[in-house]
Each structure stands twice: as structure tokens, then as C-alpha cells.
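Here is the structure we will look at.
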Protein chains: 2
Amino acid sequence: MSSTEKLYLEYKSVMQKVADVKYAAAVLQWDQETYLPEKGAEFRGRQLATLSEISHEMFINDKNEGLLKDLLSKDLPQEQKRNVALTWEDYSRLKKLTPEFVRKMSETVSASFFAWIEARKQNSYKIFEPKLAPLVDLKRQEAELYGYEGHPYNALMDEYEKGATVQKIDTIFEDIKLPLRQLLSEIQNDRPVDDSFLRQHFLKQQQWEWGMYLAKQLGFDFERGRQDISEHPFTTNFSSQDVRITTRIDEHDFANMTWSTIHEVGHALYEQGLPPEQYGLPLGEYASLGIHESQSRLWENCVGRGNAFWSYYLPQLKQFFPEQFKDVSKDQFLKAINKVQPSLVRAEADELTYHFHVMVRYELEKRLIEGSLQVKEIPLYWNDQYKALLGVDVPDDKSGCLQDVHWSHGSFGYFATYSLGSFYAAQLWQHANKTIPGLETEISQQGKTKSLLLWLRNNVHKHGRFYNSNELCAAVTGHELDSKVFVSYLKEKLNDLK
Amino acid sequence: MSSTEKLYLEYKSVMQKVADVKYAAAVLQWDQETYLPEKGAEFRGRQLATLSEISHEMFINDKNEGLLKDLLSKDLPQEQKRNVALTWEDYSRLKKLTPEFVRKMSETVSASFFAWIEARKQNSYKIFEPKLAPLVDLKRQEAELYGYEGHPYNALMDEYEKGATVQKIDTIFEDIKLPLRQLLSEIQNDRPVDDSFLRQHFLKQQQWEWGMYLAKQLGFDFERGRQDISEHPFTTNFSSQDVRITTRIDEHDFANMTWSTIHEVGHALYEQGLPPEQYGLPLGEYASLGIHESQSRLWENCVGRGNAFWSYYLPQLKQFFPEQFKDVSKDQFLKAINKVQPSLVRAEADELTYHFHVMVRYELEKRLIEGSLQVKEIPLYWNDQYKALLGVDVPDDKSGCLQDVHWSHGSFGYFATYSLGSFYAAQLWQHANKTIPGLETEISQQGKTKSLLLWLRNNVHKHGRFYNSNELCAAVTGHELDSKVFVSYLKEKLNDLK
């Protein structure tokens, strides 16, 4: 073995041990949101804080800095070179935080998470506010520690979508706002769609079985993952061999569980498709949150709200719920599940108005981080913006500014990736349909999505972080991200349903 | 704050962070035995190994050694003094292991655990053997690293029951063997007890609800814990505020789940009774495994197989399973659940023959560790001993030497604490009945065990590791452990049932 090879192995060993600790923390977080007994929360908070502190110290130290610098100067094979370069980027960024800061962040996040849970229970933002305020302060400090050009919010977005800036995101949202509003007002002039059959009574256990069936059909590998119940659905992983999704079930809302499950399965298929031999290394990680979201949105919307999919699956669904869907035609079903209607809750929004939900959060966070909006002003700002952008009155905090878990996790700078994900998804979907022969027929006649999954595995998943999001999009589709593709995808889909 | 106070706080902070990592590992282990998907096992193994290595390094280092030595020389309040002294004992012991050894042990344990799972599935010791052999080698090395007087097995028993030696345990087992054999042969001359009604069909879900009801009734605090399903029932905790029990349910064996649940609840009540303010410190930990087992056996057997308990609970049970128990009298029920009959499986054995099961394992381990028995000879030795001591023929590995999880966890030196636990339990129970006015009436008339729990909380739980097991036994009952108390408890109970 050459000395360079030894050096690379040493790097790999360090990185994998850091990953062990991070994934251990992820197990504790998963448990926190699924099974943790109420009074276990306080000690769980400190356990997570200690793990954060440790993984930070294991990564950020002079020895590793020397090792990385050494490796940067070596002539490495392409994949190894890319791993080292990406690790160096991460290192340079994280080095700006002290272990004490990391611990404080983790503790503040835990306290804030439990305050959010309680605030939702009592439907009162006032319970969340005193725990959110110190967290926002910390995030503002974090932005300063990282440093930025232009807007401080750039420093935070960079964690989720490298290279995303206020300037770029503002432009994308500006480009898309007008066509979406036009499309919305056209639809609002049409006859309202009847989707009341989605709000009949659907037994919890039967919904669970239906969700498990769908997850299996879509290719989620239950030998390398599982599904559980949580307050807010999410996907997490502790290696590509252990990927977990969660769901929630509302007995009076069929749509809630079904598309959230397809969505999380989309995330999970990505994680299960990352190369296990790159465990702990950048090439074993997802490209960006925008790309991650492109996978979930592609399955949820492009596949899971599509004509082909329900050609096969509506008859299956009728076997699970013979009573509830007996008089529902495919056409009625498709119209209902694609109904465009401004509403209160992002996670249940249609494909069009979804982006107005994101824009509200994005603008709000920008202001919080630049200091032009105070934490105590959030509900008022939120409610005003929902009225202005979506035309809806927010009746209470639970269906308003308390609806999303992200802030309680300290995830500021995250929301824009939801819209980016939809736009990447449309572009990938367009290209997949051009490239995979017989895809639509396979789906509509056999309910099979295997060739799509295989295509995503080969074109997106297997690369890990080798390409950044724009490079990946260009490499796969031939073009960088273009939000017009999303607009035309949506126009066509909604027109077909008329 | 004085410099000594500062020093103690520093010690406390170090110990609590070490505890954070150990408890994190415990969460990963709990998950491993309850929810882990099959293919997640390999990476989970390395994650656990990394956490073991880290917690070892965080505890064993020159800085902590200096800190502890410093504190040992200071004049501390009694409880603090005891914490530091016990930590020093632990430190001196663990210092003998290198981080590499600890990591290797953890990895070997993981591999061995999954081999055991697989071996049980396929009912073949041959699958377990190649993963158990290196583990036994490591345990023998560990005994040498720790050092010992007399027998190398002493070094391993010391981890579970400080001060236990082959000499002492041999004596206890010698003392008890004869009276137990006499008692057994007397019983075997009696008319056989009919316990067939315990092996009717009992639906899983109903058993689960019955078990949850019992756990609540006995005082298990579900705000500070939960119950799940696993292959082998166990109790674990991640602080005194998060104590988890597991159970397994056999639809054709009522006894299996019921008394294993009461048993685990007994363990859990102890953990929930440890002082939370001593988190991470010796006084926040259980006294010894013998004492831990005394709590589970006291609830399982002294309470949970007793006349008073079923005076109240048999009518309750009949509400859960009206069909199965409709013609069963309390007398029949008590005879059946206390039926003495040599059998194959320790966890399901009666109170008498249980100790023969333990003796087989104890002798076997002694020989493995001293090197007079080889890993490949285990099934033969096991089967011979079961014939000799219990008079039963072992039909296969699953009901023979593969029945217990302990070896796959690397727990050698553990089994004797099961018998010690029963003996401590009898002595505590005898004393509780003398001391707590109206205990029996409370149990038989109201199904209440609160005054017993309170008595255990005050006399056993709250002390943590302040007393060692013998000191604790003497402090509470006025005498050190005396196995004759157990023999007379058992004789009286079995005679009453005639």
C-alpha cells in the first residue's frame, strides 16, 4: 500500500467514525419523534447535545486539518479526490463553529422542539415563542460565524443547498409567481371540484395497510428500512441499509397519509440508493436538499398524482376501501387529488399553491435573520401573508405558524429547497419520460415503477454528492434548472384534467 | 464556590457526558432488539462499537485520573465521597482495557448477537459457534487483563456482582442443591398438577392489553417508560426518566408473557426509582445485578405468583379472558402457575427448578473461562447436564443451549446473579411482610401494591450504589444474604398449595 493510500484510509476511518456518532444521534432523534416517553425528553436533550459536541470535536481538530491538507495535495483517483474536496468544504465551513456553540445549539433545539410539541397541543404560539427566540438569536450568530456575501440568510441556506442565495431564490420566485397566479385565477373561474369522498371515514388500521402496500409497490425495501408513526412525517437514515420513514394517519382525510407516504418513500428510495461502500463519505450522501426533495416530489406528484399511476392503483385502492370509493371514477379521483385550492397547511397543499406556502416562509425567515422581523411578530406576519398570497384567513396558530416542525429543529434556510425540489422533479420527470421506453404503459398497466426507480438509481442516486445540484440536473437532463419546465408541466396536467 | 466544589462539579460534568454516550448506545441496542431492519445490522454494529470506544476514552484518560485522585484526597460530603470512591473503583478496573480492546469486544458482540438470532431461527448451534468462539477468547483475555485472585471467572463475575467469587457461589449452590432436590422429589411423588388451561389460545392483542394493564397496576410509570416487543424480554433505561421494558407473546402459552412482564416491570420499577439528580453518577445506578434481579423476582414470584395477588387479580383476568378461565378456581390457578416440573427453558421454569438451570450455565461458563470446556462442546455438555440435574432430554439447540441471549451479548459471569436475585428477593419479601402493616390485605382486597413499592423505593431504590449488595441486604433486613430463607419461603409456599 502506498503512503497516499494509507492516508486516504486514515481519512476514511476518521470520517466513518464521525458518521457513526452522527447516525447514533439520528437514531436518538428518530426515537424522540416516534417512541420517546414524555418525561424522557429532558435527558434525551442533553444526550443529543453531547453527541453533537462529540461528532463536532471528532471532525474539527488540527489532526484532521493536517490530514485533509495533506490529501488535497496528493494525486488521488477521481472519486477519492472528490470526497476529499467536499470534506474540505464541509470542514472549512464547520470549523467556524466552536464545540460550545454546537452544544448550545443542540440543547436549544431540543428545548425548542418540545416547546413546539406542547404549543401545538395547546394551539398556542405563545408557548413556543420563548424557546424559539433564543434559537433565532443563535441562528443569526451562526450566520455571522459562517460569514457570507450579500445577505446573512445566504450563510444559512448554504447548509441545505450549496450556492443558493437570496438573489437567486428571489429571482426564481419572481419568475414563477405571475404564471402561478394566472393559472390559479383561471382555475378559480372553473366549476369547483368535488373531493368530498376523500374525507369520509377511513379506519386507521386499513390506512396503515394501504400505506404499507403502496410503499412496497414503489420499491421501498423493508429489509433496509421501516415505517412508524410520528407527529410530523419524516425520513431519516442511519446508513443506506437502514432508512426509516414515518407517517401520520387522519381517519377523516384520506389524502393526508397517502401522499405523505408516497412523498417520504420518494426520499427513502434516494437514501436506499446511495452507495453503501461510501458510508460516512460525501459520495455516500445526498447531493443537496433540493435534489432530495426532487425525489420525494417526483414520486408524490409526477408519479403519485398522475393518470397512469391511478389507472392501475385505483382498482387496487377499491379493494382496500370498497365502500368509500365504490362510485368514484378514475376521472373524478384524479380531479379530486389534484384539486387546486388555496389552503392553510403546506404539507397538504396542491402542487400549485404549495409554492405560495413556501414563499411566505422564505420571506419570513429572511426577515427574521436580517433582523427586520421579531420572533414575537411571526403570527401576525404569517397571517397577513397568508391573506395576501393565498387569500385565506388563518384561524389559529396550529394551522398557522405552528404547522411545520422545521424552526423547532433550528432549520432556517431550508424551505426554499421544497420549491426547488418540485422544479427539479418536473425537469427530471420530463426527461425520464423521454428516455425510458414504455414507462407510462408499465405504470398504467402493471403498476410497475421499477424502470423509473432504476433510472433514478443510475442517474441520480448512485452519484451521492459527486455533482452539486445544478451539475447533476444538467448532467441528467441536459439543462440547468429551469422553472419554466415546472410551469408547463403543471399547465399541461391541470388542462388535461379539465 | 470552593475549589473542592468546583472540582466535584467538573467530575460530575465528565461523568454525565460519559453517561450520555453510554445511554445513547443503550438506545441503539434497544432499537437493535426491537425495530432494527434486518440489513441495518452491520452498520449498527460499527456504530455501537464506535460509541463504546468513545465512552471508554472519555472516561479512561490521564486528565480524569488526575481529577479523581485529587477528589479522593478531599474532604467531601458523604454522598459525594461515595460517588467518587465508586467511580475510582470503576476507573481502576476499566483502565485495564485499551480502547482497541473495547472496540473489538463491541464488534465481536454485535456479530455474535446476529449469529445467535440466525442460529435460533434455523435451530442450529453450528451457526452460532463460529461467532461465539472468538467472543469467549476475548472474555478469557478480558479476565486476564482485569486480573483476579483464585479463579479467572471471578474477574468476570465481578462486573455484575462485585465481590462474587467461585468459592462463594459454589458454597451457596452446594448449600441449596440438596434441600431443593429433596423438595423436588417430594413434589414428584404428589399427584401431577393440571395446568392445561394455561395453554389454550390467547389472542396476541388481548394478551398485550392484559400485560399493559398489569404493568400499570403494578406502578410502572408510562410517562417515564414504555413497553415494546422483542425476541427476548429485557429492561433497559436511558435515564431514570426513560425506562423501557420488552415482552414476547406466545398465543398458546398464557404464562410466558404474563410473568415475564411482571418480571421486567420489577426491574423497571427499580430503575424508575433511582434518583434522577444522580444521573450519570454511581448513586444513580443500581447496586448490583443480584439486587436488580431481586426486584424482578420479588414482583414476579413473591408477589405475582402469590395467593394475595390472585385473590384480587383472577377476577380481573377473567374479564380479559372470560372463556379461557371461566371454570378455573383460584386454587386451581395458583397450583398451575406454581407447578413444579423440570423443564427445558430457564425463563419459563418454576421457582424451584429454576436454580438447576442457573447451575448448569454457571458451571459451563466456569469451565469455558478456565479453558476446560471448548465452545464446540457446549451442546453436548449442556444436554448431559440437563439430563443429570433436571432429568430432561434436550431435543434441539433452540430449547437447549441457544435459549438465552446472554452469551451473544458477551455476558459471561452474569447467570449466578439470577439465583442470588431470588434469594435476596425471598429475604426482602419476608422482611417487607413483617414491616408493612396490612400489606397482604391491601393486595388481596384492592390489588394495590403501592405500599410495597414505596417501601422498596425507600429501602432499596433510592440508595443507588451507595451500599453494595450485602451491605444493602443487611441494612434492610438485619442480616446478610442467607439462602435458607429462600428454602423456607419456597417450602412454605409449596406446602400451602398442597
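The values are calculated or read from the model by the stated rules, or taken from the named source; none is laboratory data. Quick caveat: nothing in here was measured; it's all calculated off a predicted structure. Heads up, the Cβs are rebuilt from the backbone with ideal geometry, glycines too, and the neighbour counts pull from every protein chain shown.
Here are some residues: A:332, A:319, A:324. Which one is surrounded by fewer than 17 Cβ atoms within 10 Å (Cβ to Cβ) and touching a residue at least 40 places away in the same chain (Cβ under 8 Å)?
A:332
If you check residue B:323 against the conditions, is it within 28 Å of residue B:17 (Cα to Cα) and either part of a helix (DSSP H, G or I) or in the same structural domain as residue B:31 (by TED's automatic domain parsing) (or both)?
The answer is no for residue B:323.
Looking only at segment A:157-171, how many residues end up being part of a helix (DSSP H, G or I), surrounded by fewer than 19 Cβ atoms within 10 Å (Cβ to Cβ) and among the β-branched types (Val, Ile, Thr)?
Number of matching residues: 1.
Somewhere in segment B:197-217, is a residue touching a Lys or Arg at 6+ places or on another chain (Cβ under 8 Å) and not assigned by TED's automatic domain parsing to the domain that holds residue B:30?
no
Would you kindly identify the helices (runs of 4 or more DSSP H) lying entirely within segment A:10-113 that contain at least 1 residues that are surrounded by fewer than 20 Cβ atoms within 10 Å (Cβ to Cβ), more than 14 Å from chain B (Cβ to nearest Cβ) and charged (D, E, K, R)?
Where helices (runs of 4 or more DSSP H) fall fully within segment A:10-113 and carry at least 1 residues being surrounded by fewer than 20 Cβ atoms within 10 Å (Cβ to Cβ), more than 14 Å from chain B (Cβ to nearest Cβ) and charged (D, E, K, R), they are A:62-72, A:78-94.
Just give me the residues in segment B:454-493 being hydroxyl-bearing (Ser, Thr, Tyr) and touching a Leu at 6+ places or on another chain (Cβ under 7 Å), in sequence order.
B:477
Name the residues in segment B:111-148 that are more than 30 Å from residue B:395 (Cβ to Cβ) and among the small types (Gly, Ala, Ser), would you?
Across segment B:111-148, the qualifying residues are B:143, B:147.
Identify the residue in segment A:235-250 that is more than 9 Å from chain B (Cβ to nearest Cβ) and more than 12 Å from residue A:33 (Cα to Cα) and, among all such residues, is surrounded by the fewest Cβ atoms within 10 Å (Cβ to Cβ).
A:250
Listed here are the residues, each with its yes/no results for (1) within 14 Å of chain A (Cβ to nearest Cβ); (2) under 17 Å from the mean Cα position of the chain (by Cα).
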position	(1), (2)
B:160	no, yes
B:181	no, no
B:187	no, no
B:205	yes, no
B:213	no, no
B:260	no, yes
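Here are some residues: A:35, A:8. Which one is touching a residue at least 24 places away in the same chain (Cβ under 8 Å) and touching a strand residue (DSSP E or B) at 6+ places or on another chain (Cβ under 9 Å)?
From the options A:35, A:8, the qualifying one is A:35.
Consider residue B:6 carefully, then state whether it is away from chain A (no Cβ under 14 Å), charged (D, E, K, R) and in a helix (DSSP H, G or I).
So residue B:6 passes the test.
Evaluate the following for residue B:258: is it part of a helix (DSSP H, G or I) and among the β-branched types (Val, Ile, Thr)?
yes
More than 16 Å from the chain's Cα centre (by Cα), touching a residue at least 12 places away in the same chain (Cβ under 8 Å) and outside any loop (DSSP other than H, G, I, E, B): is that true of residue A:283 in this structure?
For residue A:283, the condition - more than 16 Å from the chain's Cα centre (by Cα), touching a residue at least 12 places away in the same chain (Cβ under 8 Å) and outside any loop (DSSP other than H, G, I, E, B) - is met.
In contact (Cβ under 8 Å) with a residue 60 or more places away in the chain and either among the aliphatic types (A, V, I, L, M) or part of a loop (DSSP other than H, G, I, E, B) (or both) - does that describe any residue in segment B:374-381?
Yes, segment B:374-381 contains at least one residue that is in contact (Cβ under 8 Å) with a residue 60 or more places away in the chain and either among the aliphatic types (A, V, I, L, M) or part of a loop (DSSP other than H, G, I, E, B) (or both).
Please pick out the residue among B:268, B:308 that is within 14 Å of chain A (Cβ to nearest Cβ), at pLDDT 95 or above and closer than 23 Å to residue B:349 by Cα.
Of the residues listed, the single one that is within 14 Å of chain A (Cβ to nearest Cβ), at pLDDT 95 or above and closer than 23 Å to residue B:349 by Cα is B:268.
Which is of a type outside the set (Phe, Trp, Tyr) and free of Cβ contacts under 8 Å to residues at least 12 places away in the same chain, of B:448, B:498, B:491, B:462?
B:448
Among the residues of segment A:186-233, how many are at pLDDT below 95, assigned to a helix (DSSP H, G or I) and surrounded by fewer than 16 Cβ atoms within 10 Å (Cβ to Cβ)?
3
When only residues in segment A:215-234 that are touching a residue at least 60 places away in the same chain (Cβ under 8 Å) and out of contact with any Leu (no Cβ under 9 Å at 6 or more places or on another chain) count, which is nearest to the other protein chains (Cβ to nearest Cβ)?
A:228
So in segment B:389-416, with the set limited to residues that are among the hydroxyl-bearing types (Ser, Thr, Tyr) and surrounded by fewer than 24 Cβ atoms within 10 Å (Cβ to Cβ), which one is nearest to residue B:341 (Cα to Cα)?
B:399
Could you go through segment B:390-403 and let me know if any residue there is in contact with a helix residue (DSSP H, G or I) (Cβ under 7 Å, 6 or more places away or on another chain) and in a helix (DSSP H, G or I).
yes
Looking at this structure, is residue B:495 surrounded by fewer than 18 Cβ atoms within 10 Å (Cβ to Cβ) and at pLDDT below 95?
So residue B:495 passes the test.
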